[in-house]
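Here's the structure we're looking at; comments come further down.
The values are calculated or read from the model by the stated rules, or taken from the named source; none is laboratory data. From a predicted model like this one, the values you see are computed outputs, not experimental measurements. Note that we place each Cβ from the backbone using ideal geometry, even for glycine, and neighbour counts take in every protein chain shown. Heads up: the accessible areas ignore ligands, DNA and RNA and are worked out on the full protein's heavy atoms, side chains in. Shrake-Rupley method; radii C 1.70, N 1.55, O 1.52, S 1.80 Å.
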Amino acid sequence: MAFTGAGISTESGIPDFRSPGGVWTRYDPRDFTFDRYVDSAEVRRNSWAMRREFFAAAPEPNAAHRALAELEREGRLTAVITQNIDGLHQAAGSRNVIEVHGTAREVMCIGDHPRAGIAEGCDFRAPTTWAFERIDAGDDDPRCPRCDGLVKSATVSFGQAMFPEPLEVAAQHATTAELLLTIGSSLQVYPAAGIPEAAKRAGAALAILNDEATPFDRIADVVVRGRAGEVLPTAVATALGR
Ligand code: NAD
């Protein structure tokens with residue numbers, strides 16, 4: 001099983017959160033909380049503009065995403081649990097992808113005035129292009145076409161409750177994995193970072209590939225310090241005897 005973070009996508013041109021030059025050295029996280037999104041039409045407009053900027057860059061999967069897809073095709077990887085919202089694992093051909101922080105490729109209804117960080121909308125979901133089309137048609141704060149609730153990217157924002165289902169599925173996988181490969185995660189964002197720890201506790205071997213130290217290095221069986229797009233294709237080719 002693989003557990004991936006923002007670091008697997010930096011070589012696709014998507015900045016991570018914590019590295020120098022990463023997202024949070026340029027934006028203020030306080031502007032991106034769930035409650036601020038609910039309270040302010042301006043925050044919603046800015047969020048759509050940021051999302052559009054993200055897709056305009058048309059990020060492509062890199063060699064690390066492709067290596068994991070190949071491992072799955074060869075029957076050696078059961079699942080990719082990812083904290084990423086970029087959809088690049090699926091674009092690379094991975095099929096069993098569990099997105100614990102949701103996806104930026106879709107939007108969802110979160111209800112008229114959700115509180116306590118819990119999305120409480122109807123079951124409306126649509127591709128993110130739906131929102132862009134509404135905005136282009138002159139509606140800069142698109143509302144749910146079914147119940148008139150607020151519409152938000154189907155991602156987990158700061159201050160927003162996690163979606164329970166992917167987290168449960170991920171935790172289940174963690175208890176059955178023989179080997180958990182953690183790639184490109186600072187392992188500082190909980191509860192997601194608890195998954196490798198749970199896998200290790202349940203008896204899995206833990207391998208960490210990251211370009212800087214992580215708090216879990218001391219309990220890992222293997223630690224590789226390097227770039228995902230360089231190390232992973234070689235490691236996968238070796239594992240597959242190529
Ligand atoms: P993080 O930013 O906390 O950690 C990323 C880690 O990857 C860092 O330790 C960094 O040194 C390392 N890294 C960067 N480039 C690397 C490379 N090429 N090879 C190996 N290691 C590399 O990210 P996180 O642990 O995923 O947690 C932060 C949150 O960021 C997650 O919740 C995720 O949802 C969100 N996020 C997602 C994206 C995305 O979808 N691509 C981008 C930014 C943030």
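If the Cβ limit is 6 Å and pairs must be 6+ apart or interchain, which residue in segment 159-183 that is over 30 Å from PRO114 (Cα atoms) pairs with which residue that is among the hydrophobic types (A, V, I, L, M, F, W, C) and assigned to a helix (DSSP H, G or I)? Cβ pairs passing all conditions: ALA174/ILE195; ALA174/ALA198; ALA174/ALA199; ALA177/ALA199; LEU180/ALA199; ILE183/ILE8; ILE183/ALA228.
Looking across LEU180, LEU187, one residue alone is part of a strand (DSSP E or B) and buried (at least 21 other Cβ atoms within 10 Å of the Cβ). It is LEU180. Of the residues PRO59, PRO114, the single one that is away from the ligand (no atom under 11 Å from the Cβ) and open to solvent by less than 30 Å² (accessible area, probe 1.4 Å) is PRO114. The selection criterion, being among the polar types (S, T, N, Q), at pLDDT 95 or above and surrounded by 21 or more Cβ atoms within 10 Å (Cβ to Cβ), holds for THR82. Please specify each residue of segment 38-66 satisfying the condition of being part of a helix (DSSP H, G or I) and in contact with a Gly (Cβ under 8 Å, 6 or more places away or on another chain). Answer for segment 38-66, where residues must be part of a helix (DSSP H, G or I) and in contact with a Gly (Cβ under 8 Å, 6 or more places away or on another chain): ALA63, ALA64, ARG66. Residues considered: ALA202, ALA239. Of these, the only one that is over 18 Å from the mean Cα position of the chain (by Cα), under 30 Å from GLN160 (Cα atoms) and not charged (D, E, K, R) is ALA202.
For segment 178-194, the candidate set comprises residues that are away from the ligand (no atom under 11 Å from the Cβ) and either at pLDDT below 95 or not aliphatic (A, V, I, L, M) (or both); within that set, the residue that is farthest from the chain's Cα centre (by Cα) is GLU178. ARG143 fulfils the conditions (1) of a type outside the set (A, V, I, L, M, F, W, C); (2) at pLDDT 95 or above; (3) open to solvent by 80 Å² or more (accessible area, probe 1.4 Å) except for a single criterion, (3).
Only one entry in ALA213, ALA171, ALA192, ALA198 is hydrophobic (A, V, I, L, M, F, W, C), more than 19 Å from ILE98 (Cα to Cα) and either part of a loop (DSSP other than H, G, I, E, B) or open to solvent by 20 Å² or more (accessible area, probe 1.4 Å) (or both), namely ALA213.
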